[in-house]
Amino acid sequence: MRIQFCAILLTLANGALLAGEKPKFHAYADCLELPIRIHIVQSKESAGATSRLESNEIDRIIDKANRIWLQAGILLVPQKISKEEVPPREGTPSASLKAGPEELLQLRRTECIAPDALNIYYVHNFEVNGIYLAGAIFVKDSASLNTVPGGVNEALPRVTAHEIGHALGLEHRQNRTNLMASGTTGTWLNSQEIETARERATILHARGLTNTLTSASTQQFYIRSESYRERWDGNEN
């Protein structure tokens, strides 16, 4: 019985923070800066590819995603945000894209891919909420998620943060309040996931994936995300 009880506790600890436990946020000086490049996809041929997002909405999405990743001491720093017309595509345009490399990777403009940042593409509609493919993250702006305790009130920041988790080596989990659970607004990361993500972020820095903005500019992303730090009940504005 004692062994079974200990196993249950271990499972809970590995799945997410225990109920009532507050996330530990890192000070700015301890954060690993992770540069990202935002591509808002546009297409004259495909309604599914054309994102409805405006550039000024990205700040809110990234601020809330930073609210999630600050528990791991990882600060997302947008290097550039732009709308991009996709190259002409063969075949019949569709209202929804297939969630695979054959369709999604065609949406990238080669000259706009940042070699020194994580490239995140927002499109309007495809088969899943988001996907990580060959170094590129794709998120649909029509994403929807089930609400769970401790979640966020907006799907896009959580989907963006979830796919960044995959880019940092994290796998799906079953616990519904965990960031890496599928289909929910879960935000928590356990200690092992935090360690794994920070190790991958450190490797990316060592390979040259470093921030090109000034320290003062970068710090503003941290300061803005702080407005969400104390509100982990899904009721933030």
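The values are calculated or read from the model by the stated rules, or taken from the named source; none is laboratory data. Here the structure is a predicted model, which means the values were calculated and not measured. Counting neighbours? That spans all protein chains shown, and the Cβs are built from the backbone with ideal geometry, glycine included. Accessible surface areas use protein heavy atoms only, side chains included; no ligands, DNA or RNA. Shrake-Rupley method; radii C 1.70, N 1.55, O 1.52, S 1.80 Å.
Using a probe of 1.4 angstrom and keeping all protein chains present, the accessible surface of segment 19-174 works out to 42 square angstrom per residue. Equivalent-ellipsoid semi-axes for segment 34-79 (Cα gyration tensor, √(5λ), whole Å, largest first): 26, 10, 9. Counting only protein heavy atoms and using a 1.4 Å probe, the accessible area of Leu105 comes to about 40 Å².
By a 1.4 Å probe calculation restricted to protein chains, Ile113 has an accessible surface near 60 Å², given to the nearest 10.
Sparsely packed loop sites in segment 107-216 (the trypsin sites (Lys or Arg not before Pro) outside DSSP H, G, I, E and B with at most 11 other Cβ atoms within 10 Å) comprise Arg207. At the residue level, Tyr28 shows approximately 40 square angstrom of accessible surface with a 1.4 angstrom probe and all protein chains present.
Only protein atoms count toward the accessible area here, which uses a 1.4 Å probe; on segment 95-237, the carbon and sulfur part of that area reaches 47 percent. Over segment 95-179, the alpha carbon radius of gyration divided by the compact-protein estimate 2.2 N^0.38 Å works out to 1.11.
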